[in-house]
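Read the structure below first, then the notes.
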Amino acid sequence: MFRRRAQSDPGLPPVSIRFEGRTIAATGGETLAAALLAAGEEVFRASPVSGAPRGPFCLMGACFECLVEIDGMPGQQACMTIVRDGMDIRRDRIVEGEE
Amino acid sequence: MTAGQDEPIFDLAIVGAGPAGMAAAALAGEIGLSTVVLDEQPSPGGQIYRNVEHAGGVPLPGASREKGAALAAAFRATALDYRPGTGVWHIETHPGEPCRLWLLRDARVGQVRARRVLLATGATERPVPVPGWTLPGVLTVGALQILLKSAGMVPAGPVVLVGNGPLLYLTAVQLAAADTRVAAVLETGAKADLRAALRHLPGFVASGTWRAGLALLREFRALGLPVVRDVSEVTIEGGDRASGVRYRTADGQSGTVPAEVVALHEGVIPASSLARAIGCDLVWDAGQATFRPEIDTWGQSSVAAVQIVGDSAGIAGAEAAPLAGRIAVLEAARAVGRLTEAERDRRAAPFGRALSSLLRGRPFIDRLYPPRLARSPLADPVVVCRCEEVTAGAVRAALASGASGPNQIKAFLRCGMGPCQGRFCAPTVTRLIAEARGVPEAEVGSFRLRPPVKPIPLAAFAAAMEEDAP
């Protein structure tokens, strides 16, 4: 869905993260939402009401559509999180009534 | 939880490090106010100047990038307690006592105290509810801007831009320059908009902002992109993700454009959640079709210790925001006894003149690019509240069965109770109620907000308690 326009800044360290068990190469300093979008992931969670697929919408911390589970902690905003090496990310699974 | 009674009390806490916050902080430091700056982003700049300190990013239009970089450099050169990556989710204000700001940083809750608070929380995209707007692949134009500025990323496949305003044209120009295929620009508007705007042309010309605006428009037109004007209806098609946009114009033309990414934009509205949650009064701004905090010329809100500046107090743009920030800091300095009233007035005068001149240009832009899709009739099945999937039909049914105001709609339907706390449904709910009851939106009001303005995980409190345990 998105591509990187240029080679990332060589000063930034490469980091490796996992999304739903898949290893993804990312760039230090970028947000988790950008890293996942660049890797072709566009569904970050299911709507807790209908289960419909949802992905990033505003990318500035306001809409909460990009919620994911990071290292076991659910409900994290991928657009407000800077990638760290070894992050283990899953789609957010919060369903209505359980939160 | 950190910040006991022995913690320092700052003269000033600034929330937000965009153009208003950066300029305010630099002046506060110069005057000698002890200042803490709290910002959610990892580096200064806000959204408009996001990642502006990193030359390796994407070239932005020259002038604005230079202005942002200069603001960031002055901000960095000032002795301040700058805390990036820090969200503010509540502010306690008691007359005669310092304010207590509740923070979230690195999944830990914390707090700071300050005598005065300056909110410079910027703007968010105006919600544009259309059929299919919750599908993956549909983003705001602001989101495309953020990917471009912070990660050098552009849509890989064809993109359709929907809406109006300068940011739409700027984005089209930038995407075209990055070899992204802009399959269509669906401009929402009506022929009456230009007539309504012309009345305000003298102010726009006097403001000086017309040069950059005209240059951008020329650049956009020169690209020869497929543009459809006066679009009045839009449906985003797709199953599990967006696949295209179906549109209809005011004079009845229609069509469908396939797209991998659809970006919506009908301007921005003040990000006022924090101001509202701490009790700052709102007013309806008819010219911008939005509620905004009520402030005086110093940015003073209805809450004694709290001032609000920049776009979070009413959309005026990145040129106006630093001026408003500086004016407000001079008043804050007077309030804490650092400047006399005469010194405040003398120093504020040039900023005030420059700001007035810029503000004269705003009504032209507001009238030329009014929200259209965001204010056109909504079909019952359209999702209004994205978090709780509440449709326009459900809101209407609740109104028919006795709900009368925004807070009752919230109680009946959970509309506005999801994690975004109404940021993307409040304007639509107010409008639906106004339509159903036949009263102005000003009279309907908006959701009452309560802190926290963002969901705080329990673990964040636990982490802070553990830290404090002996």
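The values are calculated or read from the model by the stated rules, or taken from the named source; none is laboratory data. Note that this is a predicted model, so its numbers are computed, not measured. Note that we place each Cβ from the backbone using ideal geometry, even for glycine, and neighbour counts take in every protein chain shown. For the accessible areas, the whole protein counts, side chains as well, though only heavy atoms, and no ligand, DNA or RNA atoms are used. Shrake-Rupley method; radii C 1.70, N 1.55, O 1.52, S 1.80 Å.
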- Go through the range B:59-68 residue by residue and tally those that are modelled with pLDDT of 85 or more and surrounded by fewer than 17 Cβ atoms within 10 Å (Cβ to Cβ). 1
- Query: Has the range B:159-169 got at least one residue that is surrounded by fewer than 23 Cβ atoms within 10 Å (Cβ to Cβ) and at the interface with chain A (Cβ under 10 Å from one of its Cβ atoms)?
  - Reply: no
- From the option list B:Ala177, B:Ala212, single residue qualifying as within 14 Å of chain A (Cβ to nearest Cβ), among the small types (Gly, Ala, Ser), at negative phi and open to solvent by 50 Å² or more (accessible area, probe 1.4 Å) is B:Ala177
- Query: For residues in the range B:95-127 being over 22 Å from the mean Cα position of the chain (by Cα) and of a type in the set (A, V, I, L, M), which is surrounded by the fewest Cβ atoms within 10 Å (Cβ to Cβ)?
  - Reply: B:Ala107
- Query: Do we have any residue at all in the range B:294-304 that's within 14 Å of chain A (Cβ to nearest Cβ) and either modelled with pLDDT under 95 or assigned to a strand (DSSP E or B) (or both)?
  - Reply: no
- Given (1) within 14 Å of chain A (Cβ to nearest Cβ); (2) more than 30 Å from B:Arg199 (Cα to Cα), index of the condition B:Ala403 fails: (1)
- Filter the range B:179-197 for residues that are in contact (Cβ under 8 Å) with a residue 60 or more places away in the chain and out of contact with any Gly (no Cβ under 7 Å at 6 or more places or on another chain) and give the result. B:Ala183, B:Ala184, B:Leu186, B:Gly189, B:Ala190, B:Asp193, B:Leu194, B:Ala196, B:Ala197
- Query: Just a yes or no: is a residue in the range B:128-147 open to solvent by 30 Å² or more (accessible area, probe 1.4 Å) and in a helix (DSSP H, G or I)?
  - Reply: no
- Look at B:Ala271 and say whether it is within 26 Å of B:Pro95 (Cα to Cα), within 14 Å of another protein chain (Cβ to nearest Cβ), within 17 Å of the chain's Cα centre (by Cα) and crowded, with 19+ Cβ neighbours inside 10 Å. yes
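Conditions tested, residue by residue: (1) under 27 Å from the mean Cα position of the chain (by Cα); (2) surrounded by fewer than 22 Cβ atoms within 10 Å (Cβ to Cβ); (3) closer than 25 Å to B:Arg367 by Cα.
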residue	(1), (2), (3)
B:Val234	yes, no, yes
B:Ser254	no, yes, no
B:Val257	no, yes, no
B:Gln307	yes, no, no
- Could you give me the residue pairs with C-beta distances under 8 Å whose first residue belongs to the range B:341-363 and is among the hydrophobic types (A, V, I, L, M, F, W, C), whose second residue is open to solvent by 70 Å² or more (accessible area, probe 1.4 Å) wherever it lies, and which are 6+ apart or on separate chains? B:Leu358/B:Glu319
- Mind checking which strands (runs of 3 or more DSSP E) fall wholly inside the range A:1-85 and carry at least 3 residues that are within 8 Å of chain B (Cβ to nearest Cβ)? A:2-4
- B:Ala324 in contact with a Lys or Arg (Cβ under 9 Å, 6 or more places away or on another chain), assigned by the TED database to the domain that holds B:Val37 and either at pLDDT 95 or above or buried (at least 24 other Cβ atoms within 10 Å of the Cβ) (or both): no
- Criterion violated by B:Thr391 - all others in (1) touching a residue at least 12 places away in the same chain (Cβ under 8 Å); (2) within 13 Å of chain A (Cβ to nearest Cβ) satisfied: (1)
